[in-house]
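The values are calculated or read from the model by the stated rules, or taken from the named source; none is laboratory data. This one's a predicted model, so the numbers in the text were calculated from it and none came from an experiment. Here the Cβ positions follow ideal geometry from the backbone for every residue, glycine too, while neighbour counts run over all protein chains shown. Accessible surface areas use protein heavy atoms only, side chains included; no ligands, DNA or RNA. Shrake-Rupley method; radii C 1.70, N 1.55, O 1.52, S 1.80 Å.
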Amino acid sequence: MDLKTFEAEAWAALDDAAADPQAGFRYLTLCTVDAELRPQARTVVLRQCADDHRTLTFHTDVRSPKWQEMAVNPQVTVLGYCHQRRLQLRMPGRAECYAAGTEVARAAWRALPQHTRQTYTGGPPGEARLAADEMPDASAAEAGESRFGVVIVRVSMLDAYQLQRNDNQRALFRYASEGELQASEWLNP
Ligand SMILES: Cc1cc2nc3c(=O)[nH]c(=O)nc-3n(C[C@H](O)[C@H](O)[C@H](O)COP(=O)(O)O)c2cc1C
């Protein structure tokens, strides 16, 4: 396999996952750094992949700690492992956060099914649960829009690691701000 093919396969796998809930890279780990400089990690659903610009899109609640963390420090890493492909992708990048009122958030909200909108009707994520938070009503679903945020990660590096019995492969790809490939090389696994 050459570097170009390896890179293309990795991005194709991410592209597939944005459209297919069963795909290996559908659930990714988004890592941020908090105000105490501690690493924080959580699972998020990959909503979109623009493989031409090397961006990954996620949805979240703007009241969540991760949102605040990215506002202070937009440096993030996205990690994925596809068991079927035996492929790990580590992707440091920069998060752009689009809150309610932005065109990006408005367009994404419009496309959400009602049951997903309901996700944003409860109390603030991570806070102690109150009985009132457990009963979202239909009108609250629309109120959810004010809490809905879109995170677009511009991937600056892709570290791809293919497990292969006696011949593990690892390569690093570096991207410019608009996603152009700047450099690539094989690494010792
Ligand atoms: C399978 C799965 C998928 C999830 N997808 C998302 C998601 O797309 N967006 C999101 O904000 N949280 C998602 N979560 C919840 C997060 O993992 C996390 O618990 C929550 O967002 C609070 O994170 P924070 O406290 O670091 O902000 C998901 C959890 C699971 C188990």
**Prompt:** Considering segment 10-28 alone, what residues qualify as being under 18 Å from V151 (Cβ atoms) and open to solvent by less than 40 Å² (accessible area, probe 1.4 Å)?
**Reply:** L14, A17, A18, F25, R26, L28
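Just to be sure I understand, how many residues within segment 139-189 are without any contact (Cβ under 8 Å) to a residue 40 or more places away in the chain and assigned to a strand (DSSP E or B)? Spell out how you get there, then give the answer.
Residues of segment 139-189 that are without any contact (Cβ under 8 Å) to a residue 40 or more places away in the chain, as a first pass: 139-144, 165-168, 170, 172, 174, 176-177, 180, 182-183, 187-189.
Still in the list and also assigned to a strand (DSSP E or B): 170, 172, 174, 182-183, 187.
Residues flagged as without any contact (Cβ under 8 Å) to a residue 40 or more places away in the chain and assigned to a strand (DSSP E or B) within segment 139-189 amount to 6.
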**Request:** Kindly indicate whether D16 is away from the ligand (no atom under 16 Å from the Cβ), in contact (Cβ under 8 Å) with a residue 12 or more places away in the chain and farther than 29 Å from E142 by Cα.
**Result:** no
**Asked** Any idea which residue in segment 57-90 is least open to solvent (accessible area, probe 1.4 Å), counting only those that are away from the ligand (no atom under 14 Å from the Cβ) and not in a strand (DSSP E or B)?
**Response** P74
**Complete:** Scanning segment 29-52 residue by residue, the ones that are more than 13 Å from L158 (Cβ to Cβ), open to solvent by less than 80 Å² (accessible area, probe 1.4 Å) and not small (G, A, S) total 11
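Given the structure, is T116 of a type in the set (V, I, T), part of a helix (DSSP H, G or I) and within 14 Å of the ligand (Cβ to nearest atom)? It would help to see each step written out before you state the result.
On the way: of a type in the set (V, I, T): yes; part of a helix (DSSP H, G or I): yes; within 14 Å of the ligand (Cβ to nearest atom): yes.
Yes, satisfied.
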**Message:** Criterion first (outside any loop (DSSP other than H, G, I, E, B), closer than 23 Å to A107 by Cα and more than 6 Å from the ligand (Cβ to nearest atom)) does C31 satisfy it?
**Reply:** no
**Message:** Going through V72, V62 one at a time, which residue ends up being within 29 Å of A128 (Cβ to Cβ) and touching a residue at least 60 places away in the same chain (Cβ under 8 Å)?
**Reply:** V62
**Message:** Can you pull out every residue in segment 1-28 that is under 26 Å from A105 (Cα atoms), out of contact with any Lys or Arg (no Cβ under 8 Å at 6 or more places or on another chain) and part of a loop (DSSP other than H, G, I, E, B)?
**Reply:** P21, Q22, A23, F25, R26
